[in-house]
1. So which of ALA166, ALA153 is in contact with a strand residue (DSSP E or B) (Cβ under 7 Å, 6 or more places away or on another chain), hydrophobic (A, V, I, L, M, F, W, C) and surrounded by fewer than 19 Cβ atoms within 10 Å (Cβ to Cβ)?
2. State all residues of segment 109-133 that are assigned to a loop (DSSP other than H, G, I, E, B), open to solvent by 30 Å² or more (accessible area, probe 1.4 Å) and free of Cβ contacts under 8 Å to residues at least 40 places away in the same chain; if no residue qualifies, say none.
3. Condition first: under 30 Å from PHE384 (Cα atoms) and buried (at least 21 other Cβ atoms within 10 Å of the Cβ). Now tell me which residues in segment 254-277 satisfy that.
4. Do we have ALA166 as more than 20 Å from HIS32 (Cα to Cα) and small (Gly, Ala, Ser) here?
5. Quick check on my filter: what residues within segment 73-112 are at pLDDT below 90 and among the basic types (Lys, Arg)?
6. Tally the residues that are part of a loop (DSSP other than H, G, I, E, B), out of contact with any helix residue (DSSP H, G or I) (no Cβ under 9 Å at 6 or more places or on another chain) and either under 25 Å from THR322 (Cα atoms) or open to solvent by less than 40 Å² (accessible area, probe 1.4 Å) (or both), restricting the search to segment 360-405.
7. Quick check on segment 307-343: of everything there that is at pLDDT 80 or above and in a loop (DSSP other than H, G, I, E, B), which residue is surrounded by the most Cβ atoms within 10 Å (Cβ to Cβ)?
8. Would you mention how many residues in segment 83-140 are in contact with a Pro (Cβ under 9 Å, 6 or more places away or on another chain), over 30 Å from ASP292 (Cα atoms) and of a type outside the set (Ser, Thr, Tyr)?
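The values are calculated or read from the model by the stated rules, or taken from the named source; none is laboratory data. Given the structure is predicted, the values throughout are model-derived calculations rather than measurements. Please note: Cβ atoms are built from the backbone with ideal geometry, for glycine as well, and neighbour counts cover all protein chains shown. SASA here: full protein model, heavy atoms, side chains in, ligands and nucleic acids out. Shrake-Rupley method; radii C 1.70, N 1.55, O 1.52, S 1.80 Å.
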Amino acid sequence: MPAGESLRAPAVSRPKAGAANKYSIDIIIDSHFSSKVYTTGSSICGKAVIKPNKDVAFNHFDIVFTGIAATRLDFVQQYPSHSFRPFLKLRMPIGRDDIPEDRVFKAGEVYSVPFNFVVPHQLTYGACTHNCESDCVRDHHLRLPPSVGFWGADDQAPEMAQVEYAVKARAVVTQPGAPATKVLEGHHMLKVLPAFPEDAPLDITFRDERYTASKTKTIRKSLFSSKTGKITATATQPGALMLSPDGHRATTSNARITVEYVPDSADTAPPKVTSVSSKILATTYFGAAPLDHLPNLGARTAYHSSPCLNYTTTTNLSTLPTDKLSWKQEKISSSRRDSGYSSSHLEVDLSAKKKPSSPVKHTTTIEVPFTIVNTIKKFFLPTFHSCLISRTYALQLVLSVGASNTTMTLTVPVQIGVDGDLVPQDGELPSFETAMAQSEEEEANQYLRPRIFRNRSDQPQTNTLLPSYDELRHRRRASASAAA
């Protein structure tokens, strides 16, 4: 299938370029261009233009903003080959004066029906009605997914998984006892990149087989020599990479690797860490049935009632030399917790039989900055989980250690989000969240503004009742007498 083609049979008949189509509706969006990206709170204004070549009678006229997820599972016989899930449908109210009163579009006339949609911040609860393992999964499914498969660049998703946003207009004829018939229709696809705030780090356990946050290996001077010690590398989850609302820019994050070396002998120096290379893994999960779990967590082969396929791409980020690492030497405590019983003679005997191999350990920290770049060839979607499709990212760090170039590979999750601070353009209003954040910031500034407090000259009020008019007059007279 071509990269830009929809998975489903076209829901509309699109006119060919340069040819008139009497059954089409032209969807014209204000200030639109082919590479424009709409985000949360963006306004989609325009008009549906009808120019019929013959009289067209209709009963209903609709303009809707829709979002549809579609997947295709090839060679998986136990599941449907195609799945379509509409998750968004906003209908524009049509004014009486915008369409003919007799419900007939006359030949040779030009009709213009305006519309104005706003990309919502959240889906309605009806968008996700299937069972989920937890409320966290449902919360993710109620977020708007980004467009998938229609970016003009490789968004690192397979052709079998797509998310389409479009403005559609149609005129239908209804007859008693018969299905509605479309007599006019139009379709205009849009690129949508909703806001995705930074989420809390994932709670990774040993059951999550797709990630390896720590690894320990034995170090030797050569392949056949005796071991000199053990080295452990541990990586922490980095902060999220945040895309701009149009997807053109991304922030920089930083991964931290803690390296600990325990030598077999106290006089053995720590090995040399030759280099650290980093790459980012983009994995798209998709299934024929709604997913009831987060597919990137748990075992790779775990059974789920709604299984899914996955597709992974790799992007190399950087290779950093680590010639100037600063190692810190620490003593290893050999004391142990007292059990409460008198056993000093046992401790002496045990210490005589088994002594610690080395009383010291060496530690160092490696900082690995990284970022992503969206180009005309490759596009990074934000991390998201929807009912049919999910996208997650993992940062893979490969350390080369010692004279024998022992490799240690760590894999930690990393999120790609989208900044929600939409700058109003072309007269767009700020989003509700942006307006509330601005109001809260103004209240905080007002509260923190320096104030001058003076002692009141009058006596403090001892009751909780408001002062009467007579009291107020008495206070004014007292103030006037003092001023005189």
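1. Criteria check complete, one pass: ALA153.
2. Hits for segment 109-133 are GLN122, THR124, THR129.
3. ALA255, ILE257, VAL276
4. Numbers: more than 20 Å from HIS32 (Cα to Cα): no; small (Gly, Ala, Ser): yes.
So ALA166 fails the test.
5. Answer for segment 73-112, where residues must be at pLDDT below 90 and among the basic types (Lys, Arg): just ARG96.
6. As a first pass, look at segment 360-405 and keep what is part of a loop (DSSP other than H, G, I, E, B): 371-377, 379-383, 386-388, 402-405.
Imposing the further condition that a residue be out of contact with any helix residue (DSSP H, G or I) (no Cβ under 9 Å at 6 or more places or on another chain) reduces the set to 371-377, 379-383, 388, 402-405.
Narrowing the set further to residues that are either under 25 Å from THR322 (Cα atoms) or open to solvent by less than 40 Å² (accessible area, probe 1.4 Å) (or both) leaves 371-374, 379-383, 388, 402-405.
So the answer is 14.
7. Here is the first cut: in segment 307-343, the ones at pLDDT 80 or above are 308-320, 325-331.
Checking the rest, the ones that are also in a loop (DSSP other than H, G, I, E, B) come to 308, 325-327.
Values: CYS308: 22, LEU325: 13, SER326: 7, TRP327: 13.
Top of the filtered list is CYS308.
8. 8
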